[in-house]
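The values are calculated or read from the model by the stated rules, or taken from the named source; none is laboratory data. Small disclaimer: the values here were computed from a predicted structure and weren't measured. Cβ: placed from backbone, ideal geometry, glycine included. Neighbour counts: every protein chain shown. SASA here: full protein model, heavy atoms, side chains in, ligands and nucleic acids out. Shrake-Rupley method; radii C 1.70, N 1.55, O 1.52, S 1.80 Å.
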Amino acid sequence: QKLSVEMLDHLERLALVDFRDSEGVERLQKAIQFADQLHEVNTDGVEPMDSVLEDRCLYLREDDVTEGNCAKELLENARETVEEYFVAPPGNIPLEKLEGRKTYLQGS
Amino acid sequence: VLNRRCVEAAVMTGLALNCHINKKSLFDRKHFFYADLPAGYQITQQRVPIAVNGSLSYSLCIDNKMSQMVTKTVRIKQIQLEQDSGKSLRDDIRSQTLVDLNRAGVGLMELVMEPDMCCGEEAAAAVRELQLILQTLGSSQAVMAEGQLRVDANVSVHHPGEPYGVRTEVKNINSIRFLAKAVDYEIQRQIEELGNGRTILNETRAFDSKLGCTVPMRDKEGKQDYRFMPEPNLPPLILYDAKSLPANMNYQQLINIDWIHERLPDLPTVKREKLVEQYGILPEHSFTLLNEDGLAEFFESVVKQTQMKPKKVIGWILNDLLSYLKQHSLTVKESPVSSFLLADLLNLLEKKEISSTAAKRVLAELWKGEGKTPLETVKEQKLELLQDQKELEQICQAVIDGQENE
């Protein structure tokens, strides 16, 4: 089953990855085929598993303040700050529609 | 790591709202990109939340008169625990977003209600009651102006009998008053749009408090794919009750729903009923008493310190004290007249040492907060009622004599 251009575009948009070229798309295709092998297992009547930790006890932490007051150190991580704020672009810049982008997918 | 207090608060709130508490609830990741969500996902409870199927009862005044109140109910679909994002501020001048990550990761309770309300007034009354409940429980101080309680309103319109219309989500509502305005505006806007033959978009809108209207929010892209997946770092949250409590576990790691249930404080509805029963006041009186922070306590304190019957005291509290506080935008805590002073004054009135009119004048004087006692003020202004029979006769005679001379 070949992946449609719409699906590939949707994935690029969601995950902000760039499949770049036919090799990238081929690798994605192979990854999906590999994962599809899961469908061969009969899971009738079996509860889905969340994670290997799911039978562990969820640790509840006491409501005590044990750290903080390190705004200065944390802000040092940023290239640009304004007073005590991190600076980000004005909003999400949505990926241009497929027609406007220069990507491999355009050529498919 | 999950904070224990968050779980307790969610259970308390769920119980107070008549919810079914899920003994096993799960955590999920909700993925999306935004400047105030550095991890790129938010931990929430999408599959199985901590509490479901509750209800919130609230009262409404019919026709703006306090004398007729009706009780309404809104169903609570669920309560879920989730993480807060950071706070973002738009800087339109420099075309940037400023992000404060201080509150990122802090636990939140999200309450989802069913669409059982039909106008801004109902929404405001329901949220006000919720606020009082949360404050009584101690789950939250629920001050909207400080973001401790945030409300997003989902609004749609439809003709009676037809299915619900497309809904819009209205954000940026910072007070209960604005909630009512935002909901009513949006209802009107949708009715007009549909009346003009247009359709309602399933979009997110922001309430502009200055203009009193809702506007589309620029940032929200089309339908989001959140790619929900189980949160791998948090196993299921297991809650116990008296029957299922395991014997050999560290008690700090256990939450017993029954234990919490037994320790729930009196909710506002119960408090109101008790005030009515104990003091013989009207339901609408107790409604107002609970609506003002500290007023019920003030009232009870005055009642304890005076011989005047509660039914008479309530008039002084609601008509005189409260209107004064409102006029000067003061809270009960900031009242220049303490419950002790007011009780003192009411005692003078009760013992018939002054008249009711005189009492009002003394109260007006006490508001100045100059530290004088009611008795001192009475003496100063010579407001004492004459009790002496002879003196009264003399005065009456003098008046009559004066009349005769004309």
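Tell me, yes or no, whether the stretch B:261-280 has at least one residue that is over 24 Å from the mean Cα position of the chain (by Cα), under 30 Å from B:Gln68 (Cβ atoms) and in contact (Cβ under 8 Å) with a residue 24 or more places away in the chain. Yes.
For the stretch A:78-108, the set of residues classified as in contact with a helix residue (DSSP H, G or I) (Cβ under 6 Å, 6 or more places away or on another chain), at pLDDT 65 or above and away from chain B (no Cβ under 14 Å) consists of A:Leu98, A:Leu105, listed by residue number. Is at least one residue of the stretch A:42-61 farther than 30 Å from B:Asn250 by Cβ and assigned to a helix (DSSP H, G or I)? No, there is no match, as no residue in the stretch A:42-61 is farther than 30 Å from B:Asn250 by Cβ and assigned to a helix (DSSP H, G or I). The residues of the stretch A:28-55 that are surrounded by 11 or more Cβ atoms within 10 Å (Cβ to Cβ) and either within 14 Å of chain B (Cβ to nearest Cβ) or without any contact (Cβ under 8 Å) to a residue 12 or more places away in the chain (or both), listed by number, are A:Asp50, A:Ser51, A:Leu53, A:Glu54. The listed residues are B:Val166, B:Val215, B:Val183, and the only one of them that is open to solvent by less than 80 Å² (accessible area, probe 1.4 Å), farther than 30 Å from B:Lys23 by Cβ and in contact (Cβ under 8 Å) with a residue 40 or more places away in the chain turns out to be B:Val183. Report, by residue number, each residue of the stretch B:18-29 that is away from chain A (no Cβ under 11 Å) and either crowded, with 18+ Cβ neighbours inside 10 Å or under 21 Å from A:Phe86 (Cα atoms) (or both). Matches in the stretch B:18-29: B:Cys19, B:Ile21, B:Asn22, B:Arg29. Applying the set (1) in a helix (DSSP H, G or I); (2) in contact (Cβ under 8 Å) with a residue 40 or more places away in the chain; (3) open to solvent by 80 Å² or more (accessible area, probe 1.4 Å) to B:Gln307 leaves exactly one unmet item: (1). Of B:Gln42, B:Gln80, B:Gln46, all but one fail to be outside any strand (DSSP E or B) and under 16 Å from B:Leu108 (Cβ atoms); the exception is B:Gln46. Of the listed requirements (1) at negative phi; (2) within 14 Å of chain B (Cβ to nearest Cβ); (3) not acidic (Asp, Glu), A:Leu8 misses just one: (2).
Working carefully through the options B:Gly54, B:Gly40, B:Gly86, find the one that is among the small types (Gly, Ala, Ser) and under 17 Å from B:Asn233 (Cα atoms). Answer to the check: B:Gly40. Residues in the stretch B:188-211 that are surrounded by fewer than 17 Cβ atoms within 10 Å (Cβ to Cβ) and either on the phi > 0 side of the Ramachandran plot or assigned to a helix (DSSP H, G or I) (or both): B:Gln188, B:Ile191, B:Glu192, B:Glu193, B:Leu194, B:Gly195, B:Gly197.
Rundown of residues vs (1) touching an Asp or Glu at 6+ places or on another chain (Cβ under 7 Å); (2) under 25 Å from A:Val65 (Cβ atoms); (3) within 14 Å of another protein chain (Cβ to nearest Cβ), yes/no style:
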| position | (1), (2), (3) |
| --- | --- |
| B:His31 | no, no, yes |
| B:Val48 | no, no, yes |
| B:Gln68 | no, no, no |
| B:Val74 | yes, no, no |
| B:Gln78 | no, no, no |
| B:Val99 | yes, yes, yes |
| B:Met117 | no, no, no |
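Suppose we keep only residues that are open to solvent by 80 Å² or more (accessible area, probe 1.4 Å) and within 14 Å of chain A (Cβ to nearest Cβ) within the stretch B:228-247. Which one would you say is modelled with the lowest pLDDT? Among those residues, the one meeting the criterion is B:Asn233.
Checked against the criterion of being part of a strand (DSSP E or B), more than 14 Å from every other protein chain (Cβ to nearest Cβ), touching a strand residue (DSSP E or B) at 6+ places or on another chain (Cβ under 7 Å) and not hydroxyl-bearing (Ser, Thr, Tyr), the candidates B:Leu130, B:Leu111 yield just one match: B:Leu111.
Considering (1) surrounded by fewer than 19 Cβ atoms within 10 Å (Cβ to Cβ); (2) closer than 24 Å to B:Met12 by Cα, the lone condition that B:Ala123 does not fulfil carries the number (1). Within the stretch B:79-108, if we keep just the residues that are of a type in the set (A, V, I, L, M, F, W, C) and closer than 30 Å to A:Glu62 by Cα, the residue that is most open to solvent (accessible area, probe 1.4 Å) turns out to be B:Val106.
Screening B:Val362, B:Val337, B:Val399 for residues that are surrounded by 14 or more Cβ atoms within 10 Å (Cβ to Cβ), at negative phi and either not β-branched (Val, Ile, Thr) or not in a loop (DSSP other than H, G, I, E, B) (or both) leaves exactly one candidate, B:Val362.
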